[in-house]
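Okay, structure first, notes after.
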There are 2 protein chains.
Amino acid sequence: MTAPTPNKASILLAHGSSDPNWLAPFETLLQRIRGELTDSARVELAYMELAQPSMEHSIQQLAEQGFQVIDVLPLFFAAGRHLRKDVPAMLNELQQRLASSGKQLTLELHQPIGLEPEMASAISQVVVRKLS
Amino acid sequence: MTAPTPNKASILLAHGSSDPNWLAPFETLLQRIRGELTDSARVELAYMELAQPSMEHSIQQLAEQGFQVIDVLPLFFAAGRHLRKDVPAMLNELQQRLASSGKQLTLELHQPIGLEPEMASAISQVVVRKLS
């Protein structure tokens, strides 16, 4: 494991919901992930809509704290309209707004975690276990 | 692995989207899961909204084919309004409608796969790998 880039932070981006029951497992996941990261990498959880903290708020806060590179990791199963259009547009608008106030930010939107091989394996495992 | 109950089928329930890019990984998952199930269990993929086949359509079709017990496994990260209210209401309405046409159906709505331990492990693994 390499040392974290000092000016880099990450946001775990979930869809969001007005239902606290939906949000709770993501909060648990964030704590687990922070515990498993052995370095001091800065990781936040934020929501695209319907819940706080919003993605915009989190990015703005990280920018104010001096972070210049922000990785956005979507906790989504797949990339539909939200990740192909809405989120890139939100990030682009935010980046321009921050640039006009003197904050140059590099924002990298990753592919949804659902497309990573570990996820397809886990989903198959769970389904096969439940149906067997 | 026990032999499948002959009159039992399962539905993998995804949210659905109007974007075919969102749907594609679920189709791939279905094929993988069918391949990994060593018995002849009947498994279908259906969507809650915005895509075909709908959950209602799939259940109705399975009922017409003689299946009497249907497990619904939500491919969701967590249970919010959709899984706590909308889907149970849809299942209840469908069950009553089918009963009134002489088809007694047992529908079991499972907890979302996102709450299973394999999923939390996989999400953590992916995030830690991407951030390290």
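The values are calculated or read from the model by the stated rules, or taken from the named source; none is laboratory data. As the structure is a computational prediction, the values presented were derived from the model and not from experiment. Neighbour counts are summed over all protein chains in view; Cβ atoms, including those assigned to glycine, are modelled from backbone coordinates with ideal geometry. Heavy atoms of the whole protein, side chains included, go into the accessibility calculation; ligands, DNA and RNA do not. Shrake-Rupley method; radii C 1.70, N 1.55, O 1.52, S 1.80 Å.
Of all residue pairs spaced 6 or more apart or on separate chains, those with beta-carbon atoms under 8 Å, a first member in the range B:15-34 that is at positive phi and a second member that is at pLDDT 95 or above and open to solvent by 40 Å² or more (accessible area, probe 1.4 Å) are B:16/B:49; B:16/B:50.
Residue A:57 meets the conditions (1) part of a helix (DSSP H, G or I); (2) within 12 Å of another protein chain (Cβ to nearest Cβ) in every case but one. The failed one is (2).
Just so you know, in the range A:1-14 the residues that are within 8 Å of chain B (Cβ to nearest Cβ) and at pLDDT 95 or above include one that is farthest from residue A:105 (Cα to Cα), and it is A:14. Taking the numbered list (1) more than 21 Å from residue B:124 (Cβ to Cβ); (2) in a helix (DSSP H, G or I); (3) open to solvent by 50 Å² or more (accessible area, probe 1.4 Å) in turn, residue A:50 passes all entries but (2).
All of (1) more than 26 Å from residue A:111 (Cα to Cα); (2) more than 14 Å from chain A (Cβ to nearest Cβ) hold for residue B:52 with one exception: (1).
Across the range A:25-42, the number of residues qualifying as surrounded by 18 or more Cβ atoms within 10 Å (Cβ to Cβ), over 19 Å from residue B:78 (Cβ atoms) and at the interface with chain B (Cβ under 7 Å from one of its Cβ atoms) comes to 2.
For the range B:81-117, filtered to residues that are surrounded by 18 or more Cβ atoms within 10 Å (Cβ to Cβ) and either touching a His at 6+ places or on another chain (Cβ under 9 Å) or of a type in the set (D, E, K, R) (or both), the residue that is farthest from residue B:54 (Cα to Cα) is B:116. Residues in the range B:106-121 that are under 16 Å from the mean Cα position of the chain (by Cα) and more than 7 Å from chain A (Cβ to nearest Cβ): B:106, B:107, B:108, B:109, B:111, B:112.
Scanning the range A:122-132 for residues that are surrounded by fewer than 17 Cβ atoms within 10 Å (Cβ to Cβ) and at the interface with chain B (Cβ under 7 Å from one of its Cβ atoms) yields A:130, A:132.
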